[in-house]
1. Return the total of residues in the range 207-236 being out of contact with any Lys or Arg (no Cβ under 6 Å at 6 or more places or on another chain), under 19 Å from residue 486 (Cβ atoms) and either in a loop (DSSP other than H, G, I, E, B) or not aromatic (Phe, Trp, Tyr) (or both).
2. If the Cβ limit is 6 Å and pairs must be 6+ apart or interchain, which residue in the range 242-255 that is outside any strand (DSSP E or B) pairs with which residue that is modelled with pLDDT of 85 or more?
3. Taking the criterion of being surrounded by 18 or more Cβ atoms within 10 Å (Cβ to Cβ), of a type in the set (A, V, I, L, M), within 21 Å of the chain's Cα centre (by Cα) and not in a strand (DSSP E or B), would at least one residue in the range 325-334 satisfy it?
4. Being touching a His at 6+ places or on another chain (Cβ under 7 Å), in contact (Cβ under 8 Å) with a residue 12 or more places away in the chain and assigned to a loop (DSSP other than H, G, I, E, B) is the requirement here; does residue 417 meet it?
5. Could you go through the range 266-275 and let me know if any residue there is assigned by TED's automatic domain parsing to the domain that holds residue 252, assigned to a helix (DSSP H, G or I) and more than 20 Å from the chain's Cα centre (by Cα).
6. Could you please tell me which pairs satisfy a Cβ distance under 6 Å, a separation of 6+ or placement on different chains, a first residue in the range 300-311 that is assigned by TED's automatic domain parsing to the domain that holds residue 287 and closer than 16 Å to residue 229 by Cα, and a second residue that is in a helix (DSSP H, G or I) and not basic (Lys, Arg)?
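The values are calculated or read from the model by the stated rules, or taken from the named source; none is laboratory data. In this text the structure is predicted, and so the values were computed from the model without any measurement. Virtual Cβ from ideal backbone geometry, glycine too; neighbours counted across all protein chains shown.
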Amino acid sequence: MEKMTTGRDAELAKKDAEIASLKEQLDWLKRQIFGKKSERHILDPNQPELPLDIPISEVEPEEETITTKRKKSRKGMPLKRFEVPDYLPREDIFLDIREDEKFCPETGEPLKILRQEVSEKLAYKPGSYFVKRYIRPVYTSAKQPQTGIVCASLPEMPIEKARVDVSLLAHILVQKFADHLPIYRIEEILRRSDINIQRQTIGDWVLKLGEVLEPLYDLMFKKILSAERLFTDATGLNYLVKGQGTKKGYMYVYCGGRGDPEDKYPPYLLYEFTEDGKHENTLKRLRTFSGLLHSDAHGAYDKTSERDDISWQLCLAHARRKFENAKEAPKVLREKILDLFQKIFINERTAWDMTMDERREFRQDTQTEIMDELFSTAKKALYSGTFTPKMKIREALAYMISREKHCRTFLTEPMAIIDNNLSERTVKPLVIGRKNWLFLGSKDSGKSTAAILSLVQTCRHLKINPYDYLCDILPRVQAHQASKLSELLPDQWALTQKQ
C-alpha cells in the first residue's frame with residue numbers, strides 16, 4: 001500500500017510539473033500576441049532581498065526626469081517635433097481680400113498694407129522623373145571624312161548599355177534594400193508615372209548591381225575578419241529552387257571593422273547568405289578571425305569559443321530574456337535576478353562614457369560584485385532541486401550558469417559589450433524585408449542581395465544617405481584602382497565628403 005502511495009505521489013508530482021510547464025508556455029504565447037515587447041525592467045531601489053544597493057540617482061540621474069523634461073537627442077539637444085530644412089523650395093501663393101474690401105468702411109479711404117502674414121505649410125508632390133539627353137557632336141576631317149571621327153565618350157555606367165541613369169538605379173536599390181519594397185511594387189510605382197519597366201528587367205538590374213558591388217563587399221568582409229572584435233547572428237531566409245518551390249537558407253550577419261577605438265560599435269554591417277544553417281558555415285567563416293566575439297549561445301559559437309585566440313562575450317540580454325519569460329518562477333527569485341541584471345545594464349551606460357582604462361577599472365570595482373551576487377543567487381536556486389527540467393526558470397538558470405566564464409568576459413575586456421543587440425538590430429531590416437518580398441529568386445542571387453544589403457545598411461548605421469553614396473560610387477567601382485578600393489567603403493567615402 002505504501003509503495004502504491006509513493007508511486008501515485010511521484011506521478012502526481014510529474015503531472016504537476018508538466019502542467020506548470022504548459023502554463024508557462026501558454027503565458028508566453030499570450031504575451032507574444034497581446035503583451036508588450038519591451039524588455040525594460042523597472043528596478044526597485046527598496047528591494048529588501050538585495051544586499052547590493054546602488055542608488056539609481058547616482059548611475060542614471062536623468063531617468064527620474066525623463067517624463068517631465070523635454071526629451072533630448074543623443075547629442076543632448078532638445079528634439080524638435082517638427083522641423084523643415086531651409087533649402088526646400090518655396091512656392092508662394094498670394095491670398096488677398098476682395099477689391100471692395102480694401103477701403104475703410106467709415107472714411108472711404110484706401111487701406112494701407114501694414115505687414116504681410118506668412119504661414120508655411122509643408123506640402124508634397126509625387127517624385128518627378130526626367131530623361132537625360134546626351135548630345136555629342138561628332139567631328140571629322142574635311143579632307144578625310146571617312147577617317148579620324150572624334151566624339152566625346154558617354155559617362156561611365158554600372159550597367160553597360162542599360163537605358164537608365166545611375167540615379168534611378170540607386171533609387172531602386174534604396175527602395176528595395178532600405179525601404180524593403182518588393183520589385184513588383186517598384187514596378188507599380190513607376191507605372192503610376194506612366195513608366196513601364198517589367199519587373200524581370202528590374203530584377204536583372206539588381207542582380208547585376210550586386211555583382212558590381214561584390215569587390216567592395218569582399219573587401220568589407222576581409223576588414224571585419226581582421227579586426228579585433230566581431231558581432232554575429234543569423235536568421236532564416238527562403239530561396240526559390242526551380243521546379244521544387246522554396247528551400248530554407250540562412251543569412252548570417254557580421255558586424256565589425258576597425259573604427260575609432262573609443263567608439264562603442266564598429267563601422268561595418270555585413271550579411272552572408274548560405275544554402276543551409278550547418279555549423280560548418282560559421283566555423284569556416286570564423287576560421288581566420290581572432291579576438292573578441294559577441295553572440296548568443298548557438299552551437300557553432302560555443303564550438304568557436306574553445307579556441308585559444310577567441311574571447312567570447314555571451315549576450316547577457318539573451319540570458320536576461322530567459323528570466324523575463326519565466327513568468328511562473330517564484331516572484332522573489334525572479335525579481336531579484338532581474339534587478340541585478342538591470343543594475344548591470346544601467347552601470348554599462350555609465351561605463352561607455354569613459355575611456356578604456358577607466359571602463360576597465362569601473363567594471364572591476366562595480367560590476368564584478370554584482371556579477372558575483374547574480375551567479376551566487378542563480379547557483380543556489382538551481383542546485384536546490386526545486387525546479388523540474390522542463391520549467392523555464394530552470395532552463396534560464398542552467399543557460400547562464402553553464403556559460404559563466406563567457407558571461408564575465410566584459411569584466412576584463414574593456415571593448416566588450418554585454419549584449420549582442422547590434423547584431424539583432426542588423427537582422428531586423430532583413431526580417432522586415434523578408435515579410436515583403438518573401439524569398440530570394442535563387443540561391444545565386446544570395447551574394448548579390450547580401451552585397452547590396454551590406455552597403456545600404458552600413459550607410460544607415462553610419463548616418464550616411466545610401467542614395468547619395470550609391471549615386472557616387474556605382475559608376476566608379478569597376479574602374480577604381482584595386483589598391484585604393486577601400487576609399488569607396490562607406491566610412492572612408494564619408495570622410496571625403498567632409499573635405
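1. Residues of the range 207-236 out of contact with any Lys or Arg (no Cβ under 6 Å at 6 or more places or on another chain): 207-226, 228-235.
Checking which are under 19 Å from residue 486 (Cβ atoms) leaves us with 212-226, 228, 230.
Next, from what is left, pick out any that are either in a loop (DSSP other than H, G, I, E, B) or not aromatic (Phe, Trp, Tyr) (or both): 212-216, 218-220, 222-226, 228, 230.
Result for the range 207-236: 15.
2. none
3. Within the range 325-334 (the criterion being surrounded by 18 or more Cβ atoms within 10 Å (Cβ to Cβ), of a type in the set (A, V, I, L, M), within 21 Å of the chain's Cα centre (by Cα) and not in a strand (DSSP E or B)), the answer is no, since none of the residues qualifies.
4. On the way: touching a His at 6+ places or on another chain (Cβ under 7 Å): yes; in contact (Cβ under 8 Å) with a residue 12 or more places away in the chain: yes; assigned to a loop (DSSP other than H, G, I, E, B): yes.
Yes, satisfied.
5. Within the range 266-275, not a single residue is assigned by TED's automatic domain parsing to the domain that holds residue 252, assigned to a helix (DSSP H, G or I) and more than 20 Å from the chain's Cα centre (by Cα).
6. 304/286; 310/304; 311/409
Residues checked against (1) under 30 Å from residue 183 (Cα atoms); (2) outside the structural domain of residue 462 (by TED's automatic domain parsing); (3) in contact with a Ser or Thr (Cβ under 9 Å, 6 or more places away or on another chain):
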residue: 354; (1), (2), (3): no, yes, no
residue: 378; (1), (2), (3): no, yes, no
residue: 392; (1), (2), (3): no, yes, yes
residue: 402; (1), (2), (3): no, yes, no
residue: 429; (1), (2), (3): yes, no, no
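Yes/no per residue for (1) hydroxyl-bearing (Ser, Thr, Tyr); (2) buried (at least 19 other Cβ atoms within 10 Å of the Cβ); (3) more than 33 Å from the chain's Cα centre (by Cα):
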position: 380; (1), (2), (3): no, no, yes
position: 383; (1), (2), (3): yes, no, yes
position: 386; (1), (2), (3): yes, no, yes
position: 393; (1), (2), (3): no, yes, no
position: 397; (1), (2), (3): no, yes, no
position: 402; (1), (2), (3): yes, no, no
position: 405; (1), (2), (3): no, no, no
position: 412; (1), (2), (3): yes, no, no
position: 418; (1), (2), (3): no, yes, no
